[in-house]
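Contents: one structure, followed by commentary.
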Amino acid sequence: MSDIFEIKKVEGLEIIDSRGNFTVRSFVTTKGGVRDFGDAPAGASKGEREAVELRDKDGGVRSAVRSINYYINYALAKLDVRDQDKIDRLMIELDGTDNKSRLGANSMISTSIAVAKTAAKAMGIEIFNYIGGFRSHKIPIPLLNILNGGMHAGNELKIQEFLIIPVGFSTFSDAIKASTSIYRTLKNLISEKFGKIYTSLGDEGGVSPPLSKTEEALDLVYTAIKNSGYDNEILLGMDAASSDFYNSKLNVYEIDGTKKTPDEMIDFYKELCERYPILYLEDPFDENDFERFSRLQSKLSKVIITGDDLYTTNIKYLKKGIEMKSTTGVIVKLNQIGTVTETLDFFDLARENSIKTVISHRSGETEDNFIADLAVGLNSDFIKTGAPARGERTSKYNRLLEIEKEYEFKYNKI
Ligand SMILES: C=C(OP(=O)(O)O)C(=O)O
Ligand SMILES: [Mg+2]
């Protein structure tokens, strides 16, 4: 093995994320001096079956840094940085738990990403190219979260994300141009209606106006689309993240000032999909209700019902969802499972079953744009990475713009 591929050192660093919390960055350096990093993002509305991060009592991640500097560093020394599968499986073995709680999913995913990026750099190729080879040739459709509610905002909206989906464009840059114009129109609408102070942003860069009802939010976003002249090109989506407003004791969803039974929620979603051009609906039910997902999907066959907290990027739960025909879409989040290799296993299983894939950020992010390359490398159908604003989100969109320009990749079609 040439020195440029031999891992010499893995080091952790405590850094800051977009919410002002600490997170961990992992650096991989090879004997030949090639070096790159990977950052662990952090969720707020986490699935209960996600891999867990190491976090100190004071909110820091020094324990995760120690995990990288000692255990992971010693285990990975002298390995070939291109052996992603072997390296990830070694970390899984070293951790030895079901939920990555010993080494920490944050220590593991930051290292796993750093390994992939360093390998690509050592080979002198683009990261997406390293992941996908010549099969990578498309830019995914973005699901842009331009209005925030739920745990990501200070308003009373229970639905977490109101997404715009630019499907009717022939290039990604045109799609982004239209999306930013809608985002600005939305801000102006809010300024006029509530006052400029209410254009403050939620965790993912979307506006968070003082609304409390789902329909009011959909009306506002749809008006912004129409006022910008894009009602033929842009569709709507929502991430309900409904486990966060599900009351398990009463078996009801507490939304829009009402308490709805799971069956009433089916009617609620159906009516919204009849009234608005909704293409995408994520986590409409609690993360344990595979059955209700399946019933909604069969009633709304044209809508991409998608599992995020339902699957937590874990093939064990996706297999159940496939058996029960619960969804036609999956969210793919690297840190929900903890390694790049397991993330690819999950992605492949979804693809083999013709399930639409959405490579996703977390609400707590950094400027690391690895997921943009991952989405292109895998030819993912969609990417979900927040509003077209704020550095931790724009770093992903800007990387996609760069790839489109440089390689003349085609924009994906639904
Ligand atoms: C990105 C999301 O939020 P979080 O990172 O808080 O889980 C989501 O629920 O899709
Ligand atoms: Mg979600």
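The values are calculated or read from the model by the stated rules, or taken from the named source; none is laboratory data. Computed from a predicted structure; not experimentally measured. Glycine also receives a Cβ, built like all others from the backbone with ideal geometry; neighbour counts cover every protein chain displayed. Quick note on the areas: whole protein, heavy atoms, side chains included, nothing else; ligands and nucleic acids left out. Shrake-Rupley method; radii C 1.70, N 1.55, O 1.52, S 1.80 Å.
Brief remarks on what is shown
- Here the condition is being within 16 Å of TYR280 (Cβ to Cβ), more than 16 Å from ligand 1 (Cβ to nearest atom) and over 14 Å from the mean Cα position of the chain (by Cα); of ASN412, ASN398, ASN353, ASN379, it holds for ASN412 alone.
- Any chance GLY377 is of a type in the set (Gly, Ala, Ser), surrounded by 18 or more Cβ atoms within 10 Å (Cβ to Cβ) and within 16 Å of ligand 2 (Cβ to nearest atom): no
- Residue tally, condition open to solvent by less than 10 Å² (accessible area, probe 1.4 Å), away from ligand 1 (no atom under 16 Å from the Cβ) and under 21 Å from the mean Cα position of the chain (by Cα), over region 150-179: 4
- Total residues in region 26-63, condition in a loop (DSSP other than H, G, I, E, B), out of contact with any helix residue (DSSP H, G or I) (no Cβ under 7 Å at 6 or more places or on another chain) and open to solvent by 20 Å² or more (accessible area, probe 1.4 Å): 7
- Whichever residue in region 351-363 is buried (at least 23 other Cβ atoms within 10 Å of the Cβ) and closer than 22 Å to ALA116 by Cα and, among such residues, is nearest to ligand 2 (Cβ to nearest atom): SER360
- Only one of the numbered conditions (1) in contact with a Gly (Cβ under 8 Å, 6 or more places away or on another chain); (2) away from ligand 2 (no atom under 16 Å from the Cβ); (3) on the phi > 0 side of the Ramachandran plot is violated by ILE234, and that is (3).
- Given (1) surrounded by fewer than 24 Cβ atoms within 10 Å (Cβ to Cβ); (2) within 16 Å of ligand 1 (Cβ to nearest atom); (3) closer than 17 Å to ARG25 by Cα, number of the condition GLU367 does not satisfy: (2)
- Of all residues in region 291-316 being open to solvent by less than 10 Å² (accessible area, probe 1.4 Å) and part of a helix (DSSP H, G or I), the one that is nearest to ligand 2 (Cβ to nearest atom): PHE293
- Entry remark, region 200-222: residues being over 22 Å from ILE255 (Cβ atoms), open to solvent by 30 Å² or more (accessible area, probe 1.4 Å) and not hydrophobic (A, V, I, L, M, F, W, C) number 1 in total.
- Some residue of region 338-348 being within 15 Å of ligand 2 (Cβ to nearest atom) and either more than 16 Å from the chain's Cα centre (by Cα) or part of a loop (DSSP other than H, G, I, E, B) (or both): no
- For ASP98, the test of being open to solvent by less than 60 Å² (accessible area, probe 1.4 Å) and not β-branched (Val, Ile, Thr) is failed.
- When LYS249 is tested against (1) closer than 24 Å to ASN412 by Cα; (2) assigned to a loop (DSSP other than H, G, I, E, B); (3) not acidic (Asp, Glu), just one condition goes unmet, and that condition is (1).
- Out of LYS325, LYS319, sole residue that is open to solvent by 10 Å² or more (accessible area, probe 1.4 Å), assigned by TED's automatic domain parsing to the domain that holds PHE162 and either among the hydrophobic types (A, V, I, L, M, F, W, C) or in a helix (DSSP H, G or I) (or both): LYS319
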